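Taken together, the values in this text are just the output of simple stated rules run on the coordinates, not laboratory data. Small disclaimer: the values here were computed from a predicted structure and weren't measured. Methodologically, a virtual Cβ is constructed for each residue, glycine included, from the backbone with ideal geometry; neighbour enumeration extends over all protein chains shown.
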Amino acid sequence: MRANYSRLRILSVICALLATAYATHAQGERQSATPDLDVISIDTSLVTINVSVTDHKHRQLPGLKLEDFRVTDQGKTVQPEFMDSQGPLSLVFVVDVSSSMKANWRDLKDGMKKFLAKEHPDSDYTLVTFNEKAQLVTSSVDAEQLWQSFNALQPGGDTALYDGLLLGLQALDRARQRHKALVLLSDGQDNCSHEGLTLVEQQTLLHQATIYSVGIILESDPSRYGLDGKNLLNQLAAATGGLVMFPKTKGLPAVLNLISADLSQQYSLSYYPPEKMPGWHQVEINIAQTSGRLNLRYQRRYQMR
């Protein structure tokens, strides 16, 4: 009888200890589920779209205000929070240094030198080159430093254009200025990249990069750019709100100045999307109450991760 009583007391004590432990654990769970009042939640989904607005004569249209823009994201109207209409530039030059560039390398150097000699206050430049291998030569430097790096280049080898573009897009992510773009200078098509065109197209939209494609026409072989090559450069520029041009090398300074002017006068619109679901988002931008025909260039799709 006494033995049975002792066992009952021991079981009672064990049950009491278990009940206390469970209550303590439950209280801890409730406390951990309560948000800390000192924690600040920050919405990092801000989307920035650069918009170039020109009239029917391809002239930049200055003086627009934030309320002049009508923006929809996934078909839903959004109100831009910020707008920046002018400012310094971040340009990432992706330059073909393959063997085929030797014929007009002197003219290309002359064009770059003339462009960089002009004042671009507070702007910075990055240089990526590619032949059979893509390489980051210098990053976020001033015009003089960029020229020194460019002047030391010697062309030779095959053409890994896709690899060069992908490395340039990575560099563009680190660019400091709001007005930024990638400028591709090449005279031919890809023939030895490790990566393919599909990845280039995906990454171009993912990085929200404006691409200016400059297909240099060789004096000795004006037909060098085939239909596929021209289509590629047109697609890259059209998808990102940039421009595509096919100048002869002696016309390069004028082309680079046009790109600089176009980029520096873009309107940068920033807003929080109404839907924050991962995936592709479609953007449409219009100008309200315009009296004439306008042309808007901007990236019409972006990917939220």
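Placing dummy labels 7 Å off each Cα toward the beta-carbon, the span from residue 140 to residue 201 is 3.3 nm.
Take each peptide in 257-263, 93-99, count the other Cβ atoms within 10 Å of every residue, and average; sorted highest first, the result is 93-99, 257-263.
Please label the shape of the range 92-162 as rounded, prolate or oblate, based on the square roots a ≥ b ≥ c of the eigenvalues of the alpha-carbon gyration tensor (a/c under 1.5 means rounded; beyond that, a/b larger than b/c means prolate, else oblate).
Details: a/c = 2.60, a/b = 1.51, b/c = 1.72.
Oblate is the answer for the range 92-162, as a/c is 1.5 or above yet b/c matches or exceeds a/b.
Available extension along the chain between residue 173 and residue 270 is 33.3 nm, counting 0.36 nm per residue and deducting the alpha carbon span.
Across the range 89-264, the relative contact order, built from alpha-carbon pairs under 8 Å that are at least six residues apart, equals 25 percent.
Taking label points 7 Å from Cα along the Cα-to-Cβ direction, residue 48 and residue 287 give a separation of 2.3 nm.
3J(HN,Hα) couplings calculated from phi for the range 133-142 with the Karplus curve 6.51 cos²θ - 1.76 cosθ + 1.60 (θ = phi - 60°) are, in sequence order, 9, 8, 8, 7, 8, 8, 9, 6, 10, 7 Hz; Gly and Pro show x. 3J(HN,Hα) along the range 193-207: 5, 7, 9, x, 5, 4, 5, 4, 4, 5, 5, 4, 6, 5, 7 Hz, from the Karplus curve 6.51 cos²θ - 1.76 cosθ + 1.60 with θ = phi - 60°, whole Hz, x for Gly and Pro.
Stretch residue 113-residue 238 to full length: gain in nm at 0.36 nm per residue minus the Cα-Cα span? Write out the running numbers ahead of the final one.
Numbers: separation 125, 0.36 × 125 = 45.00 nm, distance 2.78 nm.
Full extension of this stretch gives 42.2 nm more.
Close amide H pairs (under 5 Å, H built 1.01 Å from N) link residue 137 with 127, 128, 129, residues at least 5 positions away or on another chain. Fewest-first ordering of 280, 105, 147 by other beta carbons within 10 Å of each residue's beta carbon gives 280, 105, 147. Placing +1 on the Cβ of every Lys and Arg and -1 on the Cβ of every Asp and Glu, with nothing else charged, gives the range 37-180 a dipole about its Cα centre of roughly 520 debye.
What pairs from 109/133; 180/250; 57/250; 102/248 go past 18 Å between their alpha carbons?
On the way: 109/133 21 Å; 180/250 25 Å; 57/250 24 Å; 102/248 14 Å.
Correct reply: 109/133; 180/250; 57/250.
Compactness of the range 89-264 is given as radius of gyration and Dmax, 14.4, 39 Å, from Cα positions.
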